[in-house]
Amino acid sequence: MTGKPFRFGLVAGQVNGLDDWTRLARKTEAHGFDTLVSPDPLGGLDPFTALSAAAAVTTDLHVGTFVAVDKFRDRRLLAWQADSLHRLTGGRFELGLGTGRPDAGRHLERLGVEFGTPGERLDHIADTVRHLKARPDRPKLLLAAGGPRMLALAGREADIVTVAWSPRATEDEARDLVGTVRETAGDRDVELAMNLLAVGDEPAPWLERYLGTTVHELAAHGSVSVLPGTPRQAADTLLRRRDELGISYVTINSGHADQFARVVELLKDR
């Protein structure tokens, strides 16, 4: 699982309309990013609908869910939506799937679906994965995993694994989680991914607002989720992490697109 070429993705933030959305898609491709991915929901919108518009105005950019919540959709509907985007985009769609953050329960209530216990959610997503992988021609499957059982499932079944650690997780803690994926993957060819919270040394007000911390505090703690310093220093850190952890696919919030594009330029095709 080591030595893979880098890939870089932007995670879409707030969407203010079709023009803003398609502009972001074009910008993402022009800046050299490989993927534009969407949370679920995307500012109240269905991500599959939005991603079809992003794919329509780009040529090589891959689009994907980051991540679709397993219980938001019947797995047969999910497979249909994923297959439709896979075929329409000529293979540029990547299906990211997860059990959902705790706040997903509120959306499920509106859908008339029970969130269930963590164990029930994991059993449910395992069944969904089996259903999706039974299809002979399917999009790549990304699984978001944090707990031991989900990490093991992702290692056994996913094409791409994005490891969900806490914002303050250090490289040593990240290494332990990645190790679980590697152990369960065995000889399978799995792409390892991570999501960054910030790049550079500029303040990120949303971090303090939502997480109660700052970029400086996270960097001082040794958080693996921030990349302080110059673009060259950030690029060197990602090169080292790929060598040591095997992480080659890196995503970041679209609010950091301009800053991270400088890092992407240094690492493109490496």
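Structure above, values below:
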| read-out | value |
| --- | --- |
| Carbon and sulfur %, accessible surface of segment 132-246 computed with the full protein complex present, 1.4 Å | 50 |
| Protein-only accessible surface order, largest first, of Tyr210, Tyr249 at 1.4 Å | Tyr210, Tyr249 |
| For the chain, accessible area per residue (1.4 Å probe, heavy atoms of protein chains only), Å² | 47 |
| Check: segment 131-220 dipole with +1 on Lys, Arg Cβ and -1 on Asp, Glu Cβ, in debye | 540 |
| Rg/Rg_globular for segment 34-149, with Rg_globular taken as 2.2 N^0.38 Å and Rg from C-alpha atoms | 1.03 |
| Loop-located trypsin sites (Lys or Arg not before Pro) in segment 142-192, at most 14 other Cβ atoms within 10 Å (DSSP) | Arg188 |
| Solvent exposure ordering (accessible area, 1.4 Å, most first) of Thr59, Thr99 | Thr59, Thr99 |
| Kirkwood Rh in Å, taken over all unlike Cα pairs in segment 92-199 | 14.8 |
| Most fluctuating residue given options Gly255, Gly17, Gly90, as computed from a GNM of the chain linking Cα atoms under 10 Å | Gly17 |
| Using a Förster distance of 25 Å, the FRET efficiency for Val15-Ala126 (Cβ separation, nearest 0.05) | 0.20 |
| Residue-averaged [θ]222 nm for the chain, counting only DSSP H segments that reach four residues, each worth -39500 (n - 2.57) | -14500 deg cm²/dmol |
| Viscosity 1.002 mPa s, temperature 20 °C, Stokes-Einstein D of segment 129-270 from Kirkwood C-alpha radius, µm²/s | 134 |
| Under 17 Å from the Asp74 label point (7 Å along Cα→beta-carbon), backbone N, segment 86-119 | 111-114 |
| The chain - charge dipole about Cα centre, Lys and Arg +1 at Cβ, Asp and Glu -1, debye rounded to 20 | 480 |
| Area of Glu265 that stays accessible when all protein chains are in place (1.4 Å probe, Å², to 10) | 150 |
| Spatial extent of the chain: Rg and Dmax, with the Cα atoms as the point set, Å | 17.6, 49 |
| Spatial separation of Cα centroids for segment 204-236 and segment 178-199, in angstrom | 21 |
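The values are calculated or read from the model by the stated rules, or taken from the named source; none is laboratory data. Here the structure is a predicted model, which means the values were calculated and not measured. Cβ: placed from backbone, ideal geometry, glycine included. Neighbour counts: every protein chain shown. Calculation scope for accessible area: heavy atoms of the full protein, side chains included, ligands and nucleic acids excluded. Shrake-Rupley method; radii C 1.70, N 1.55, O 1.52, S 1.80 Å.
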